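Right, one structure below, let's go through it.
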């Protein structure tokens, strides 16, 4: 027992309520200082006062607890009871907390509707809204202890409401006042990361938060803030702004170090080679971090001496590269870098290494409809036009080449100033057209093989790398819609040369030219003046087409249908009707047959046929006088009955 405790010794009696302090843990219970000449003993177990069973006493050294004097033993020890004091002492503490604001220690028992049930000597209610300043998961508090303050109590109804939030708010207000009292712009302080957002982090300085904007974290580029720090991390920063009215504090981590652009001229010069990390790739170029806070742009044109379609073809994010400094703009904080400038320009020696006529082994880099782009060496590209792929016609580059294929090609054009090289595959072989022009001439019949079938005709190979065009119109004397109707790929057939221009590498051939011309047979079978039976196959405004036999028909003009004037052929004939026709014309150039119905019939039969033909109902008109005019228009055709009546009157008067 301490000296100051001896001065406070007073007599006690059984049943008295006393507040004591736990000294230590013994074999049978806890030793408690109750300001008596002997120490009190609080047993580990006690019987419940209001029921059967026992309760365990759990106390910690230095903890103040309410106890009741239970008995005195023969050795002078005072045996205490916490269970008997629980209710009486608890209400003393509750009233004191209500009146003075003294905090109590509450143990969280369970979660209930609207909050938590806690033990402060008696059961009390801790509303969810009073647990913390920010809503939390209440399940996380079970079996924990919290300091609380009684905010509502009624001993008669045994209703007690406590709050943990008011204690937190008071503590925070105290910290805030202490922080603001010592806060200065430019000051270096420490704080705890409270919340992380997309635009920065909020840091607790002690009762008040400051904003560490993402732009103030580092002089260099950063990724996700979660990769830099986590909630609860203690960080160091500099205070760069303070608005007392709005209570807004701005913080900076990067300003703990000097701006790297301030003395860049002391570390970097134009022409220097720096090593950096690729941190970003855009369509127009690559950003390289030369050092923390110093980023340089490698424009797409400075990545390689050769063609680069997109920067990601050359580098990827995270690559460590060497680059040459091309320009430094300290005012705008811009650094221009070049990757290709690390190596000498290969185009300076292109005349010596790749003269016109020489052969180079190249890699097919890209294919397009006009040809192929090839890599001759690193930084030097050339093109092979589609017309230089083969001596024969090529429709698609992919028929000859594929990406990354290695081929030998001959250099046919070179322009170092424009950085252009043109190559040829076909000129790796002898020109077959020089040989062809000595073999054939127009009118020759040659043997060929069908290579390709197109909508407009077919390509016939006459010899290796020499193809001729067989137009659709030259396939057969009969109309053909597609060459596949008569030909198959790989088929051999004889054709006649009808056009030959070796200087333009052009040959046109004909299949029908070596076939009998059916027109001569038709001319002999249907001479002019002969009459034949035909069938109406089509009626048009200007006449009708009459089929003489399969594949051959002729035209009857509307004026050759009847001596009578008609406005439409359908007035006298109809499709699928059989009629006699007379051959009146054979056109050798157009291969057309002119026919006449009216000239194939005697006049009397013609009149009878017209009468028998049923007519469609039409508005009544005065009918003209029909006369034998051999197809010519007469005054009777024009004036009709009026003219005939006039002639009759003149005869009668005479």
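Some observations on this one:
- Residue 387 out of contact with any strand residue (DSSP E or B) (no Cβ under 7 Å at 6 or more places or on another chain), within 23 Å of residue 421 (Cβ to Cβ) and at pLDDT 90 or above: yes
- Inter-residue pairs, beta-carbon under 7 Å, first under 22 Å from residue 13 (Cα atoms) and in the same structural domain as residue 78 (by TED's automatic domain parsing) and in region 30-56, second modelled with pLDDT of 85 or more and loosely packed, with under 12 Cβ neighbours inside 10 Å, 6+ apart: 31/24
- Residues in region 411-421 that are surrounded by fewer than 18 Cβ atoms within 10 Å (Cβ to Cβ) and in a strand (DSSP E or B): 412, 413, 415, 420.
- Test: residue in region 307-322 that is closer than 30 Å to residue 186 by Cβ, buried (at least 18 other Cβ atoms within 10 Å of the Cβ) and touching a strand residue (DSSP E or B) at 6+ places or on another chain (Cβ under 9 Å): no
- Test result for residue 350, touching a strand residue (DSSP E or B) at 6+ places or on another chain (Cβ under 7 Å), outside the structural domain of residue 284 (by TED's automatic domain parsing) and touching a residue at least 24 places away in the same chain (Cβ under 8 Å): yes
Table: residues versus (1) assigned to a strand (DSSP E or B); (2) surrounded by fewer than 19 Cβ atoms within 10 Å (Cβ to Cβ); (3) at negative phi.
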{"site": "13", "(1), (2), (3)": "no, yes, yes"}
{"site": "18", "(1), (2), (3)": "yes, no, yes"}
{"site": "21", "(1), (2), (3)": "yes, yes, yes"}
{"site": "24", "(1), (2), (3)": "yes, yes, yes"}
{"site": "55", "(1), (2), (3)": "yes, yes, yes"}
{"site": "75", "(1), (2), (3)": "no, yes, yes"}
{"site": "80", "(1), (2), (3)": "yes, no, yes"}
{"site": "87", "(1), (2), (3)": "no, yes, yes"}
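- When residue 185 is tested against (1) in contact (Cβ under 8 Å) with a residue 24 or more places away in the chain; (2) outside any loop (DSSP other than H, G, I, E, B), exactly one condition is not met: (2).
- Residue among 288, 298, 239 that is touching a helix residue (DSSP H, G or I) at 6+ places or on another chain (Cβ under 9 Å) and modelled with pLDDT of 90 or more: 298
- Output for region 455-475, where each listed residue is surrounded by 16 or more Cβ atoms within 10 Å (Cβ to Cβ), without any contact (Cβ under 8 Å) to a residue 40 or more places away in the chain and part of a loop (DSSP other than H, G, I, E, B): 475
- Taken over region 498-541, the residue count meeting the criterion of being assigned to a strand (DSSP E or B) and either under 23 Å from residue 589 (Cβ atoms) or not assigned by TED's automatic domain parsing to the domain that holds residue 463 (or both) is 15.
- Count - residues of region 434-447 that are crowded, with 19+ Cβ neighbours inside 10 Å and either in a helix (DSSP H, G or I) or modelled with pLDDT of 95 or more (or both): 1
- The single condition among (1) touching a helix residue (DSSP H, G or I) at 6+ places or on another chain (Cβ under 7 Å); (2) crowded, with 16+ Cβ neighbours inside 10 Å; (3) touching a residue at least 40 places away in the same chain (Cβ under 8 Å) that residue 539 does not meet is (3).
- Residue in region 443-454 that is closer than 20 Å to residue 496 by Cα, touching a residue at least 24 places away in the same chain (Cβ under 8 Å) and assigned by TED's automatic domain parsing to the domain that holds residue 365 present: no
- Applying the set (1) free of Cβ contacts under 8 Å to residues at least 24 places away in the same chain; (2) in contact with a helix residue (DSSP H, G or I) (Cβ under 9 Å, 6 or more places away or on another chain); (3) assigned to a loop (DSSP other than H, G, I, E, B) to residue 387 leaves exactly one unmet item: (3).
- With respect to the stated conditions, residue 503 is surrounded by fewer than 16 Cβ atoms within 10 Å (Cβ to Cβ) and at pLDDT below 90.
The values are calculated or read from the model by the stated rules, or taken from the named source; none is laboratory data. A quick note: this is a predicted structure, and the numbers were derived from the prediction, not measured. Glycine gets a Cβ as well: all are built from the backbone with ideal geometry, and neighbour counts include every protein chain shown.
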